[in-house]
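Enquirer: For reference, the structure I am asking about is given below.
The values are calculated or read from the model by the stated rules, or taken from the named source; none is laboratory data. None of these values were measured; they are calculated from a predicted model. We place every Cβ from the backbone using ideal geometry, glycine too, and count neighbours over all the protein chains shown.
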Amino acid sequence: MTLTTHATLGAVLAKAAGNPLMAFVFGFISHFLVDMIPHGDTGLSDNFRVHKRRRKQAVAYVAVDAIIAIFFVLMLANTRDIISVRNFTWGIIGGVLPDLLVGLYDLTKSPLLKWFFKMHFFFHDYFVKRKGEVPLYYALMAQVVLIAYLQTKL
């Protein structure tokens, strides 16, 4: 899933959370559950990590996604009457943190993060390895629809 999708879902779940800790936990857990849905980025990931090719394409994809996520979250924060900014913030952090930790592992290859990297891709690839991937274009369109729906819940 895109960071924008994870951030939006984290924000929506944070609204239902009673406190910032629960908002973080809901966002964090939701990341893994939503990542299990095939979402078209396995080819980008494999090219980057396994085949060591088209790395600029993968980095550009992540960079554009991160910029869109930042603008979208700021737009939500400035156009909604957010009951608890702390919950909102910690829900978003929980939603995107797993991907940030995977990126940190990619940069450092730290043995401290290797277990997390493996666990993340266990969930990420759970159905993809069993049922196959969907085209990235369709997955992105589905995520746009999901984000549009979710933002109405804030």
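Enquirer: For the range 6-56, which positions are within 19 Å of L136 (Cβ to Cβ), of a type in the set (A, V, I, L, M) and at pLDDT below 95?
Expert: Passing the criteria: L44, V50.
Enquirer: L100 fails exactly one of the following numbered conditions: (1) surrounded by 14 or more Cβ atoms within 10 Å (Cβ to Cβ); (2) closer than 24 Å to T42 by Cβ; (3) under 15 Å from the mean Cα position of the chain (by Cα); (4) not acidic (D, E). What is the number of that condition?
Expert: Among (1) surrounded by 14 or more Cβ atoms within 10 Å (Cβ to Cβ); (2) closer than 24 Å to T42 by Cβ; (3) under 15 Å from the mean Cα position of the chain (by Cα); (4) not acidic (D, E), L100 violates only (1).
Enquirer: Let me ask another. List the helices (runs of 4 or more DSSP H) inside the range 1-111, counting only whole elements, that have at least 2 residues being of a type in the set (V, I, T) and under 19 Å from K153 (Cβ atoms).
Expert: Result: 3-16, 20-35, 55-79, 85-108.
Enquirer: Here is a further query. Pairs please, first residue from the range 19-35 and touching a residue at least 24 places away in the same chain (Cβ under 8 Å), second anywhere and in a helix (DSSP H, G or I) and of a type in the set (D, E, K, R), Cβ atoms under 7 Å, 6+ apart in sequence or on different chains.
Expert: Listed pairs, sorted by first residue: P20/R86.
Enquirer: Pick from the range 3-33 the residues that are aliphatic (A, V, I, L, M) and in contact with a Ser or Thr (Cβ under 7 Å, 6 or more places away or on another chain): which of them is nearest to M119 (Cα to Cα)?
Expert: Going through the qualifying residues, I end up with L9.
Enquirer: Would you check which residues across the range 36-77 are touching a residue at least 12 places away in the same chain (Cβ under 8 Å) and acidic (D, E) and list them?
Expert: Within the range 36-77, D41, D65 qualify.
Enquirer: A further question on this structure: Note down all Cβ pairs under 7 Å where the first residue falls in the range 96-123 and is touching a residue at least 24 places away in the same chain (Cβ under 8 Å), the second is surrounded by 15 or more Cβ atoms within 10 Å (Cβ to Cβ) and of a type in the set (V, I, T), and they're at least six residues apart or on different chains.
Expert: H120/V102
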